């Protein structure tokens with residue numbers, strides 16, 4: 001098995017091992033007890049497919065699906081938000097916005113800028129497959145393990161904190177935000193996605209920031225031009241996540257640090 005395969009199976013094992021130690025609803029507990037082993041077994045079956053074109057395609061792209069599945073399964077541990085952590089995140093958020101001169105961004109920014117930031121945030125859903133596609137176009141399909149190991153280590157490190165630091169996202173805490181009065185078209189789409197297709201839990205560190213930056217760092221050595229574009233996209237995603245109140249500023253900052261750490265670890269072990 002590749003390193004990225006062990007990361008996925010190991011993370012599912014981590015979620016399973018947490019069951020006796022976290023007080024979660026019975027339905028959630030049963031969900032983890034049933035789904036974690038089932039998903040691990042399914043993944044193991046796929047990675048052991050014969051070395052054919054179909055098998056190689058499945059192994060190349062399957063980690064993308066499992067990032068989403070691990071995110072959803074981690075959400076089973078989101079119970080009883082912790083107001084103490086939320087207050088600290090809000091305080092840092094306000095301080096950060098003042099330092100970068102964005103305290104009144106929602107009220108005063110041109111609508112075109114807000115639309116761009118919202119579009120950038122939406123880009124978090126396509127940056128990972130785009131990064132893998134760039135890796136393949138660069139002729140590095142045989143090194144897909146290096147790409148996915150970097151991205152998975154970054155993403156799963158963020159998701160793994162959710163059972164321990166449980167906060168609600170800023171958009172859920174501040175329904176009367178100034179952004180609510182700005183008619184930003186793409187914001188409606190983003191809010192629909194986060195309300196209907198997410199766990200509604202805030203991920204600290206930010207998986208969006210970590211995954212996007214890890215993607216850029218993984219691609220840059222094999223295709224510098226694509227890496228530069230992806231780095232710009234990653235920065236835009238981070239800015240959009242903060243400006244749109246999808247994440248606290250602290251989430252994006254720590255998510256970036258996690259991505260750099262993941263990239264360094266993967267290089268260190270020589271994947």
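Structure notes:
- In region 115-129, residue farthest from residue 151 (Cα to Cα) [restricted to those that are out of contact with any helix residue (DSSP H, G or I) (no Cβ under 7 Å at 6 or more places or on another chain) and in a helix (DSSP H, G or I)]: 116
- Residue among 130, 106, 102, 134 that is more than 30 Å from residue 184 (Cα to Cα) and surrounded by 16 or more Cβ atoms within 10 Å (Cβ to Cβ): 134
- For region 173-195, the condition holds for at least one residue, the condition being that it is surrounded by fewer than 18 Cβ atoms within 10 Å (Cβ to Cβ) and within 15 Å of the chain's Cα centre (by Cα).
- Residue 71 closer than 21 Å to residue 250 by Cβ, in a helix (DSSP H, G or I) and in contact with a helix residue (DSSP H, G or I) (Cβ under 8 Å, 6 or more places away or on another chain): yes
- Inspection of region 28-49 finds a residue satisfying the criterion of being in a loop (DSSP other than H, G, I, E, B) and farther than 15 Å from residue 69 by Cα.
- Among the residues of region 3-28, the ones that are without any contact (Cβ under 8 Å) to a residue 12 or more places away in the chain and either under 19 Å from residue 150 (Cα atoms) or touching a helix residue (DSSP H, G or I) at 6+ places or on another chain (Cβ under 8 Å) (or both) come to 2 in all.
- Out of 44, 6, sole residue that is surrounded by fewer than 14 Cβ atoms within 10 Å (Cβ to Cβ), under 28 Å from residue 143 (Cβ atoms) and under 20 Å from the mean Cα position of the chain (by Cα): 6
- Taken over region 71-99, the residue count meeting the criterion of being within 30 Å of residue 35 (Cα to Cα) and either surrounded by 13 or more Cβ atoms within 10 Å (Cβ to Cβ) or within 20 Å of the chain's Cα centre (by Cα) (or both) is 13.
- One residue from 16, 35, 30, 68 being more than 19 Å from the chain's Cα centre (by Cα) and loosely packed, with under 15 Cβ neighbours inside 10 Å: 30
- Scan of region 80-107 for residues that are assigned to a loop (DSSP other than H, G, I, E, B) and at pLDDT below 90, ordered by number: 80, 100, 101, 102, 103, 104
- Enumeration of residues in region 244-263 that are assigned to a helix (DSSP H, G or I) and either within 14 Å of the chain's Cα centre (by Cα) or surrounded by fewer than 19 Cβ atoms within 10 Å (Cβ to Cβ) (or both): 251, 252, 253, 254, 255, 256, 257, 258, 259, 260, 261, 262
- Going through (1) under 21 Å from the mean Cα position of the chain (by Cα); (2) under 24 Å from residue 223 (Cβ atoms) one by one, residue 142 falls short only on (1).
The values are calculated or read from the model by the stated rules, or taken from the named source; none is laboratory data. Computed from a predicted structure; not experimentally measured. Backbone-built Cβ (ideal geometry, glycine too); neighbour counts: all protein chains shown.
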